[in-house]
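Novice: This is the structure, below, for whatever I ask next.
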Amino acid sequence: MARPTVEQFIETWEKSGCIAEVAEKTKLRKSTVQAKATQLRKLGIPLKKFKGSRHPINVQEALEVLAKIRGTSVAALKKDAAQSHRMRRRRVRK
């Protein structure tokens, strides 16, 4: 498939069982497929979600490690993340 249209991408996504399958059918890299799905979701298109990774991430533990490395607190990291999220949402709306 040459670069898929939005319609083709959505149909392929909805009829597939995983990101690798979408990548194979569309001849796109898995990272490109995931990015496209994320972009469409941000625009309000509720694409189905595939099952999560086999190794779920413990967010609290990850934040604690990052806080230790940066020499800051988990609360400060969460505040920065929330602020970044608000900034991204503003850019998407424009």
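Read-outs: derived from the displayed coordinates by stated rules, not from any lab. Everything numeric here is computed off the predicted structure, so don't read it as measured data. Reconstructed Cβ throughout: ideal geometry from the backbone, glycine too, with neighbour counts over all protein chains shown.
Novice: Would you work out the relative contact order for the chain, in percent, from Cα pairs under 8 angstrom that are 6 or more residues apart? Don't jump to the answer; show the numbers that get you there.
Specialist: Working: 46 pairs, mean separation 18.6, N = 94.
Relative contact order of the chain: 20 percent.
Novice: If you don't mind, there's one more thing I want to ask. So if we plug the beta-carbon distance of residue 88 and residue 24 into 1/(1 + (r/R0)^6) with R0 = 41 Å, what FRET efficiency do we get, rounded to 0.05?
Specialist: Working: r = 30 Å, r/R0 = 0.74.
For R0 = 41 Å, the calculated efficiency reads 0.85.
Novice: Based on Cα coordinates alone, diagonalise the gyration tensor for region 1-55, multiply each eigenvalue by 5, take square roots, and list the semi-axes in whole Å, largest first. Don't skip to the end; give the middle numbers.
Specialist: Numbers: eigenvalues 51, 40, 20 Å².
Listed largest to smallest, the semi-axes of region 1-55 are 16, 14, 10 Å.
Novice: A further question on this structure: So for region 1-55, averaging the separation of alpha carbon pairs under 8 Å that are six or more residues apart and normalising by length, what relative contact order in percent results?
Specialist: The value is 34 percent.
Novice: Next up: Counting other beta carbons within 10 Å of each Cβ, put 10, 45 in order, fewest first. Before the final figure, lay out each step's value.
Specialist: On the way: 10 16, 45 12.
Listing 10, 45 from fewest to most nearby Cβ atoms yields 45, 10.
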